[in-house]
Amino acid sequence: MITILTTGGTIEGLEYDKIDKAPEKAPISIEDHLSRIDIAPQYDIKEVFSKDSRFVNRRDRDLLLREIEFAENDKIIITHGTLTMVETALFLGKLKLNKTIVLTGAFVLGTDPKTDAFENLSFALAKVSSLEKGVYIAMHRTLFPWDNVQKWISRVN
């Protein structure tokens, strides 16, 4: 069994630059993405919070940590916005939790027909059960350990 903890972000179609612009509900859910997978491992889903990751703070990370600690499963996927995903991975990785934790998200909004949300979520689901305990980021068919990853921001002129 895999526990999926959701936090909002691009994968759920959340993108706003001011907290007062946050919608009441994410435009697309992780369940919507998972419904496209033909054969998926057993999982349970819990929403921890729902926000654009640029607004994720220490309080949110502490809440996420509490959910990880109380999760009965030791295989955990966290869906997270990409802007601060690395910071959350670093926060969790330094704690040396006795679980396998994979953070994933999407570069393209989850509501966009060309989103990478499905691919990234599917990849995380396929990999989480075969990994050693630790914290990883799964994006674009690549796994990164928490202590050897950085956010790459392309600039278009």
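The values are calculated or read from the model by the stated rules, or taken from the named source; none is laboratory data. Computed from a prediction, not measured in an experiment: that's the story for all the values here. For neighbour counting, all protein chains shown are included, and Cβ atoms are generated from backbone atoms with ideal geometry for every residue, glycine included. For accessibility, only protein heavy atoms count, side chains too; no ligands or nucleic acids. Shrake-Rupley method; radii C 1.70, N 1.55, O 1.52, S 1.80 Å.
Output the number of residues of the range 116-126 satisfying the condition of being open to solvent by 20 Å² or more (accessible area, probe 1.4 Å) and in contact with a His (Cβ under 6 Å, 6 or more places away or on another chain).
We begin by selecting, within the range 116-126, every residue open to solvent by 20 Å² or more (accessible area, probe 1.4 Å); these are 118-119, 122-123, 126.
Pick out the ones that are also in contact with a His (Cβ under 6 Å, 6 or more places away or on another chain) and you get 118.
Number satisfying all stated conditions: 1.
Being modelled with pLDDT of 90 or more and farther than 20 Å from Met139 by Cα is the requirement here; does Leu63 meet it?
For Leu63, the condition - modelled with pLDDT of 90 or more and farther than 20 Å from Met139 by Cα - is met.
Suppose we keep only residues that are acidic (Asp, Glu) and not in a helix (DSSP H, G or I) within the range 31-69. Which one would you say is farthest from Lys96 (Cα to Cα)? Don't jump to the end; show me each part of the working.
Quick first cut of the range 31-69, residues acidic (Asp, Glu) only: 31-32, 38, 44, 47, 52, 60, 62, 67, 69.
Adding the requirement that they be not in a helix (DSSP H, G or I) leaves 38, 44, 47, 52.
On the way: Asp38: 34, Asp44: 23, Glu47: 23, Asp52: 26 Å.
The selected residue is Asp38.
Considering Ile28, Ile19, Ile78, which residue is over 18 Å from Val102 (Cα atoms) and in contact (Cβ under 8 Å) with a residue 60 or more places away in the chain?
Numbers: Ile19 fails: in contact (Cβ under 8 Å) with a residue 60 or more places away in the chain; Ile78 fails: over 18 Å from Val102 (Cα atoms).
Result: Ile28 is the single residue among Ile28, Ile19, Ile78 that is over 18 Å from Val102 (Cα atoms) and in contact (Cβ under 8 Å) with a residue 60 or more places away in the chain.
With respect to Asp38, determine if the residue is surrounded by fewer than 19 Cβ atoms within 10 Å (Cβ to Cβ), among the acidic types (Asp, Glu) and modelled with pLDDT of 95 or more.
no
Could you run through the range 99-115 and say how many residues are under 21 Å from Arg141 (Cβ atoms), open to solvent by less than 70 Å² (accessible area, probe 1.4 Å), of a type outside the set (S, T, N, Q) and in a loop (DSSP other than H, G, I, E, B)?
Total meeting the criteria: 6.
For the range 81-115, give me the residue count where each residue is over 13 Å from the mean Cα position of the chain (by Cα) and either farther than 24 Å from Lys133 by Cβ or in contact (Cβ under 8 Å) with a residue 60 or more places away in the chain (or both). First the steps, then the outcome.
First, the residues of the range 81-115 that are over 13 Å from the mean Cα position of the chain (by Cα): 90-91, 93-100, 108-109, 111-115.
Remaining after also requiring either farther than 24 Å from Lys133 by Cβ or in contact (Cβ under 8 Å) with a residue 60 or more places away in the chain (or both): 108-109, 111-115.
Of the residues in the range 81-115, 7 are over 13 Å from the mean Cα position of the chain (by Cα) and either farther than 24 Å from Lys133 by Cβ or in contact (Cβ under 8 Å) with a residue 60 or more places away in the chain (or both).
So, in the range 81-98, of the ones that are open to solvent by 30 Å² or more (accessible area, probe 1.4 Å) and not in a helix (DSSP H, G or I), which residue ends up nearest to His33 (Cα to Cα)?
Let us first name the residues in the range 81-98 that are open to solvent by 30 Å² or more (accessible area, probe 1.4 Å), namely 83, 87, 90-91, 94-98.
Right, trim to not in a helix (DSSP H, G or I) and you get 83, 94-98.
Values: Leu83: 20, Lys94: 30, Leu95: 30, Lys96: 30, Leu97: 28, Asn98: 28 Å.
Among residues in the range 81-98 that are open to solvent by 30 Å² or more (accessible area, probe 1.4 Å) and not in a helix (DSSP H, G or I), the one nearest to His33 (Cα to Cα) is Leu83.
What pairs can you find where one residue is in the range 34-63 and free of Cβ contacts under 8 Å to residues at least 40 places away in the same chain, the other is exposed (fewer than 11 other Cβ atoms within 10 Å of the Cβ), and their Cβ atoms are less than 8 Å apart, with a gap of 6+ or different chains?
As it stands, the answer is Arg54/Asp17; Phe55/Ile19, since those pairs meet every condition given.
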